[in-house]
1. Among the Cys residues of the chain, which have no other cysteine Cβ under 4.7 angstrom away?
2. How far is it, in nm, from the label point at H25 to the one at E54 when both lie 7 Å from their Cα along the line to the Cβ?
3. What residues have an amide H closer than 5 Å to that of W47, excluding those fewer than 5 places away on the same chain, when H is modeled at 1.01 Å from N in the peptide plane?
4. With n ≥ 4 as the cut-off for DSSP H runs, can you work out [θ] at 222 nm for the chain, using -39500 (n - 2.57) per run divided by the number of residues, rounded to the nearest 500?
5. Tell me which residues come under 5 Å, amide H to amide H, from H27 once H is placed; ignore anything under 5 positions away on its chain.
6. Using a 1.4 angstrom probe, figure out how much accessible area the range 18-60 has per residue, in square angstrom, rounded to the nearest whole.
7. How far apart, in nm, are the 7 Å Cα→Cβ label points at L3 and D43?
8. Do any GluC sites (Glu not before Pro) in the chain lie in a DSSP loop with no more than 11 other beta carbon atoms within 10 Å, and if so, which?
Amino acid sequence: MGLYSAAQADLDESGGPWATICEAHGHVVNHPTLALAKAHLGDPTGWCETCMEEEEARGR
């Protein structure tokens, strides 16, 4: 997982200035605050669609 300043990483900032990225699947989610972005880093199954699908396939 990665945490980026959307502006510095040349990402769309329309959803917020901070972005979490699932490096394995390329899914990006923007956040309005750095604290919220940090909170999302630990569990990509809550925001990365592919991670969610993989978790569901494992029956969790």
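The values are calculated or read from the model by the stated rules, or taken from the named source; none is laboratory data. Everything quoted here is computed from the prediction, not taken from an experiment. Please note: Cβ atoms are built from the backbone with ideal geometry, for glycine as well, and neighbour counts cover all protein chains shown. Remember, those area values only see protein heavy atoms, side chains included, never the ligands or the DNA or RNA. Shrake-Rupley method; radii C 1.70, N 1.55, O 1.52, S 1.80 Å.
1. Flagged as lacking a Cys partner: nothing.
2. With each label placed 7 Å out from Cα toward Cβ, I get 0.8 nm.
3. Result for W47 returns nothing.
4. -8000 deg cm²/dmol
5. Amide H neighbours of H27, under 5 Å, 5+ apart: C22.
6. Roughly 63 Å² per residue, with all protein chains present.
7. That separation, rounded to one decimal, is 1.7 nm.
8. E23
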